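FYI, it's all coordinate maths here, none of it is from the lab. Fair warning: this is a prediction, and the values are worked out from it, not measured in the lab. Counting neighbours? That spans all protein chains shown, and the Cβs are built from the backbone with ideal geometry, glycine included.
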Amino acid sequence: MREINASIGFDKRLWREDIAASLAHVAMLEAQGIVSEEDESAIAEGLERIQDEYALKGVKEDPALEDIHMHVEARLAELIGPAAGRLHTARSRNDQVATDFRLWVRNAIDEVEAALAAFQRVLVARAEEHAETVMPGFTHLQAAQPVTLGHHLMAYYEMLLRDRSRFADARRRLNESPLGAAALAGTSFPIDREATAAALGFDRPMANSLDAVSDRDFALDYLAAATLCALHLSRLAEELIIWASQPFGFVALPDDFSTGSSIMPQKRNPDAAELVRGHSGRIAGAMVSLVMVMKGLPLAYSKDMQDDKPPVFEAHDLLVLSLQALAGMVEKTDFNAARMSDAAEAGFSTATDLADWLVSRAGMPFREAHHLVGRIVQLAEEKGCGLADLDLDSLRAIDARIDERVYELLNVNASVRSRTSYGGTAPEGVRERIAAAKKALGEA
Ligand code: ARG
């Protein structure tokens, strides 16, 4: 029983929050005349001492005590005697754990928020550096149209911006205090829930005691945001893995973020990116895990809910680590601009530009232009050259309306410069967005 019942092995991570909530609670009990001033100061001093002990040496686990709440209370009794027993007046471990966990998740969100902003700064800096670097843009992982690397990196800036807003949203919703809901029904003591809520930085007390002790939607909000964020990271990780492969050669991974093989001396493996990709699966798994734990639980508290914490702790650790590792990789990766631009040329990625030109210059219907360019691409394939390498006579043999101006647009640089529609890949547009991003990140 002791083994299956215990949560101390993982919920000791809540010790800071547990002590903070107890300090707020006991101050309120004293202010409301529920606990004497003398007992309050003994309890508060004892709690602060425990805080110092834990900060110094960690939580010393006692297998006889189930969880962090009982550990703190038992240690308090050792330190100050029977007065320790007054701390638990007008509360229960049910509102206590809900309060502690909300505080913990709130801190976790702040930590992720900082890591996301740091990563965005890296993306924006690299994007600015490569605002003019041309690479193939892909659909179906087939070269589609040339884009700039700056534009590509800024796509991730936008994804992370939405991630930040999801975390901010989760934080706003979770910031209400369960403390004082007691076991499930509230309490007959004249407590002041507004006061404890304010002391702990919550916006207000939760309005329904049953809801306060029994929902974990705040943790699921966190996990849902973490999952979406991890999916974004995983896609970038995958791209780095592909780009670092020899056939691509778009990037040389930094030594700091790659590993060698024990038997193949030439290898430089993208382990960090692969682990980010793998971790995203575990983070999504953590979300599903808590969804399944919560499904179908009757109100109010059930012990199943003790299993809420491991998935959140795991997801959070993996997410922060992934953000840091990927930011480090992007910061230090060497982008091979020549190789990227060659790949854009080789993939006939200016074929759409040619079709568009035939439409606007020669007044051709787009479908006809599309067909014609298909023949031109075939010719280039037969000759084993790029579109810009075809001579004018061969082009004119396919359609006489083509003239030498066509070479200006078969060039990948000209192609990206022409994509000036809002949100498009033209360097000037991308630079504008970079400037706005820097401002939003407090850098300009
Ligand atoms: N260790 C428990 C948890 O994490 C604390 C709450 C216990 N409450 C109870 N009624 N047994 O959920």
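Before moving on, here are some points about what is shown:
- Cα→Cβ-extended label distance, 7 Å offset, between ARG173 and GLN378, nm: 5.5 nm
- Rounded FRET efficiency, nearest 0.05, which uses the C-beta distance separating SER421 from ALA362 and R0 of 30 Å: 0.85
- Residue-by-residue Karplus 3J(HN,Hα) for region 94-106, coefficients 6.51, -1.76, 1.60, Hz, glycine and proline x: 5, 6, 5, 5, 5, 5, 4, 5, 4, 4, 5, 5, 4
- Extension gain, GLU194-LEU441: 0.36 nm per intervening residue step, less the Cα-Cα distance, totals 85.5 nm.
- Alpha-carbon centroid distance for the pair region 51-76 / region 145-194, whole angstrom: 29 Å
- With the cut-off at under 17 Å, measuring from each backbone N in region 409-426 to a point 7 Å along the Cα-to-Cβ line of GLU432 picks out 416-426.
- Amide H contacts of VAL251 (H built 1.01 Å from N, under 5 Å, at least 5 apart or other chain): ALA244, ASN336
- In order along region 16-23, phi translates into HN-Hα couplings of 4, 5, 4, 5, 4, 5, 5, 4 Hz, rounded to whole numbers, per the Karplus curve 6.51 cos²θ - 1.76 cosθ + 1.60 with θ = phi - 60° and x for Gly and Pro.
- Look at the dipole of the chain built from charges on Cβ: of GLY296, VAL416, SER394, the Cα furthest out on the positive end belongs to SER394.
- Mean-square fluctuations from a GNM of the chain, with a 10 angstrom spring cutoff on Cα atoms, peak among LEU390, LEU76, LEU290 at LEU390.
- FRET efficiency estimate (nearest 0.05) - Cβ-Cβ, SER394 to ASP334, R0 51 angstrom: 0.85
- Proxy reagent accessibility, fewest Cβ within 10 Å first, across ILE398, ILE241, ILE43: ILE398, ILE241, ILE43
- Cα shape, the chain, gyration tensor, a/c 1.5 rule: prolate
- What the phi angles of region 48-56 give under the Karplus curve with 6.51, -1.76 and 1.60, with θ = phi - 60°, is a coupling list of 5, 5, 4, 4, 5, 4, 5, 5, 7 Hz, glycine and proline written as x.
- R0 of 30 Å, Cβ-Cβ distance GLU238-GLU404: FRET efficiency to nearest 0.05: 0.10
- Cα gyration tensor, region 107-148 - rounded (a/c under 1.5), prolate or oblate: oblate
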